[in-house]
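The values are calculated or read from the model by the stated rules, or taken from the named source; none is laboratory data. Please read these numbers as outputs of a predicted model, since none were measured by experiment. Using ideal geometry, Cβ is built from the backbone for each residue, glycine included, and neighbour counts are taken over all protein chains shown.
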Amino acid sequence: MDVIWSARAKKDLAAIWDYYSPRSMRAAVRILEDIKLDVRRVSENPLLAPKELLLEEREENFRSVVVRKLFKIVYFFDEDKITVASIWDCRRAPSRLIRLLS
């Protein structure tokens, strides 16, 4: 399946890079590689991850997969593509995710 990265998800990746790379280039690279690997896995099997309960009221059928216990890849899909909506930092307040993707 094709993967579309939303503007929000691209911004999230950049923020992750900007935060971790000055502290540890190695950690920054590994985190982004892990995120991209899990996105690739999801593209091969979109039903891999459970539904995102915080967003179950939304029209899109959001799902999420946790990466390194720190980040959630929040996505939805249709017949031919997956849209990565956000890379969510799990340490943030859950209510912000709901507002962000509203």
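SER6 - would you say it is of a type in the set (S, T, N, Q), touching a strand residue (DSSP E or B) at 6+ places or on another chain (Cβ under 6 Å) and in contact (Cβ under 8 Å) with a residue 60 or more places away in the chain?
Working: of a type in the set (S, T, N, Q): yes; touching a strand residue (DSSP E or B) at 6+ places or on another chain (Cβ under 6 Å): yes; in contact (Cβ under 8 Å) with a residue 60 or more places away in the chain: yes.
Judged against the criteria, SER6 is a match.
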Looking across the range 56-100 at residues that are under 20 Å from ILE31 (Cα atoms) and surrounded by fewer than 17 Cβ atoms within 10 Å (Cβ to Cβ), the single one that is modelled with the highest pLDDT is VAL66
Within the range 12-33, the residues that are within 20 Å of TYR75 (Cβ to Cβ) and surrounded by 13 or more Cβ atoms within 10 Å (Cβ to Cβ) are ASP12, LEU13, ILE16, TRP17, ILE31, LEU32
